[in-house]
Structures are given as C-alpha cells and as structure tokens.
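Trainee: Please see the structure below; I have some questions.
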Amino acid sequence: MNNETSNDVLDRILLERRTHRRFKQDIPSDEMIVDIIHAGLHAPFAAAAVGNDKDYFRRFFVIRKDSETMAAVIPLIFGEVMRTITDLEDAMAKNQELQVQAAGFMNRLAMMKRMGSVPGVGTAPLTIIAAEKKGIPPVEQQSLAHCMENMWLKATDLGLGFQLVSITAQMADNEEFCKVLGLEIGKWALMGCAIGYPVEELPPSIRPPAEEVITWLK
Ligand SMILES: Cc1cc2nc3c(=O)[nH]c(=O)nc-3n(C[C@H](O)[C@H](O)[C@H](O)COP(=O)(O)O)c2cc1C
C-alpha cells in the first residue's frame, strides 16, 4: 500500500528534479508535451506588468530534433555564441574586474566554440521555447523562470529529463530567430529547455541542510 501523502509526493518531485544533459532518441508523446506546457502556463505571471490573464502574455514553441525549424535555429544560436565571445573579449580587454568575473562564463563559451555546438540545442528530441511579453517593470525573465520551474517539475513527474538552455534568452533580440518563431522583435523575452527521456537516472539533488543557510531574524 502506498501511504505517500501529497506533501511527500511534492517533496519527492522537488528532490528528483535534476538537470539532464543526455537524452534517448525516444520521442515523448504530444500529450506529455501539452501537459508540460499546461504546467508552464499555470506558473505566476507579472499581472501588473503585462496586463490580465485573458491576454496572450505567454506563448510556447515546440521544436523537434532534426526538423526544418531546428536546422534553421542551430546556426542562429551558434552565431549568437560567437558574437557574445567577441563582445565579451572586447569588454574584458578594457576591464580587469570583468576579466575575473566573466572568466567562468568565457570558458563555457570557448568550450562551445571548440565543440562547434551549443549544449542542449538540437540534442534532445524536443526543445520548448517559452516567450513572455515584455512589460513595465521589466520582470519577464523572472516570470519565465517560474514558468520553466513548473515545466521542469511536471517533466520530472512524467519521467522525462529536462535541461535549461539559457542562451535562448539572448535570441530575443535576434531578428531572424524571432522571424522563425513568428514573434515581433523587441516585444518578447525568451527562455528555452531541452526535453526527452534521460539516458541515465540521476540521484536526488544535494543541497546544504536548510538550517545552515537560515538566519532567523528577531
Ligand atoms: C538561470 C539558470 C540558467 C541555467 N542555464 C543552463 C544552461 O544553459 N545549460 C545547462 O545545461 N544547465 C543550465 N542550468 C542548470 C544548472 O546548471 C543546474 O540547475 C545546477 O547545476 C544544479 O543542478 P540540478 O539542476 O541538477 O540540481 C541553469 C540553471 C539556472 C537556474
């Protein structure tokens, strides 16, 4: 008999949520994808910034591996990585503090340049891009983070692996990329994720005990 309470279930899913970076070829069903997007749609949104819940403040785009659309976006995203490297190199050359701060990010970009590809882009059976209407104040990336977390938890419960692809955010100002999605450039913020059946099971996430990071204020 399963005595798991809804609270136990929630705790289990929270700990099972991991970043998966290797996916099987098997394609998750359309029903699963719709369920994941349903979860994303129910994440909070910044009502005061973008209007009301009857407005289409959030959109989703599903791109399949090896599709015509994926073939179009792969070089656009890689081009963005190359541009970021050039811009960051210029900025770092003039700023010593930035050289230290951005070293880790620069290493990651340099790794992508060497590989000739961006991790998570076209590597999973499915890529989902969420778009959030820009508003005032500009909190659309925060809204997208809530949306992605809901999708991530739903994917976890469905036994699917999930990888955030944060370079997607930078594509919001790329005219050709927005054209592929049919979005007006400058009006939307973007975030993306790769989804598929994971190659390997990952252990539950490990974090410090909550007591170690809490300050109880009087
Ligand atoms: C804002 C944000 C951006 C991230 N971007 C990426 C990404 O582009 N690619 C990736 O593989 N993981 C990305 N991650 C996943 C983190 O690396 C991961 O959550 C962290 O290492 C902890 O591992 P866990 O998710 O398995 O608990 C991102 C996470 C956050 C919160």
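Each reported figure results from applying straightforward, stated rules to the coordinates on display, with no laboratory input. Since the structure is predicted, the reported quantities are computational estimates derived from the model, not experimental observations. With ideal geometry, Cβ positions are generated from the backbone for all residues, glycine too; neighbour counts draw on all protein chains shown.
Trainee: Take the Cα coordinates of the range 75-130, assign each an equal point scatterer, and use the Debye formula without solvent to give log10 I(q)/I(0) at q = 0.16, 0.25, 0.29 Å⁻¹.
Mentor: One equal scatterer on each Cα of the range 75-130 leads to -0.55, -0.99, -1.15.
Trainee: Another question, then. How many angstrom separate the Cα center of the range 51-96 from the Cα center of the range 1-42?
Mentor: Between the Cα centres of the range 51-96 and the range 1-42 lies a distance of 25 Å.
Trainee: OK, next. Using only C-alpha positions, report the orientation-averaged shadow area of the convex hull of the range 5-66, nm², one decimal.
Mentor: 6.9 nm²
Trainee: Does the range 102-143 come out rounded, prolate or oblate, given a ≥ b ≥ c as the square roots of the eigenvalues of its C-alpha gyration tensor, rounded meaning a/c under 1.5 and, failing that, prolate meaning a/b above b/c?
Mentor: It is oblate, given that a/c is not under 1.5 and a/b is not larger than b/c.
Trainee: Here is a follow-up. Per residue Cα convex hull volume for the range 13-136, in cubic angstrom? Provide the component values of the computation, followed by the final result.
Mentor: Numbers: hull volume 22.2 nm³, N = 124.
Convex hull of Cα atoms, per residue: 179 Å³.
Trainee: If you don't mind, there's one more thing I want to ask. Suppose a student asked you for the relative contact order of the range 119-177, using Cα pairs under 8 Å spaced at least 6 residues apart; what percent would you report?
Mentor: 32 percent
Trainee: Once every DSSP H run of n ≥ 4 in the chain is given -39500 (n - 2.57) and the sum is divided by its residues, what mean residue ellipticity at 222 nm do you get, rounded to the nearest 500 deg cm²/dmol?
Mentor: Roughly -14500 deg cm²/dmol at 222 nm, from the helical runs in the chain.
Trainee: What percent does the relative contact order of the chain come to when contacts are Cα pairs within less than 8 Å and at least six residues apart?
Mentor: Computed over the chain, the figure is 35 percent.
Trainee: From largest to smallest, what semi-axes in whole angstrom does the chain give when each is the square root of 5 times an eigenvalue of its alpha carbon gyration tensor?
Mentor: 28, 23, 21
Trainee: What's the magnitude of the charge dipole for the range 20-198 around its Cα centre, counting Lys and Arg as +1 and Asp and Glu as -1 at the beta-carbon? Answer in Debye, nearest 20.
Mentor: 300 debye
Trainee: Now for a separate question. In terms of Cα to Cα distance under 26 Å, which lysines are near enough to K94, apart from those fewer than 8 places away along the same chain?
Mentor: Within the straight-line cut-off, K94 pairs with K113.
Trainee: Mind telling me which of H42, H20, H146 comes out most flexible in a GNM of the chain, alpha-carbon contacts under 10 Å?
Mentor: The residue that fluctuates most here is H42.
Trainee: Can you compute the charge dipole magnitude of the range 27-97 about its Cα centre, using +1 on each Lys and Arg Cβ and -1 on each Asp and Glu Cβ, nothing else charged? Give it in debye, rounded to the nearest 20.
Mentor: Working: 7 positive and 12 negative charges, 29 e Å.
Dipole of the range 27-97, to the nearest 20 debye: 140 debye.
Trainee: Using a 10 Å cut-off on Cβ atoms, rank the peptides 71-82, 196-207 from the highest mean neighbour count down.
Mentor: 71-82, 196-207
Trainee: For the chain, set up a Gaussian network in which alpha carbons nearer than 10 Å are linked by springs, and say which option among N95, N174, N150 fluctuates the most.
Mentor: N95
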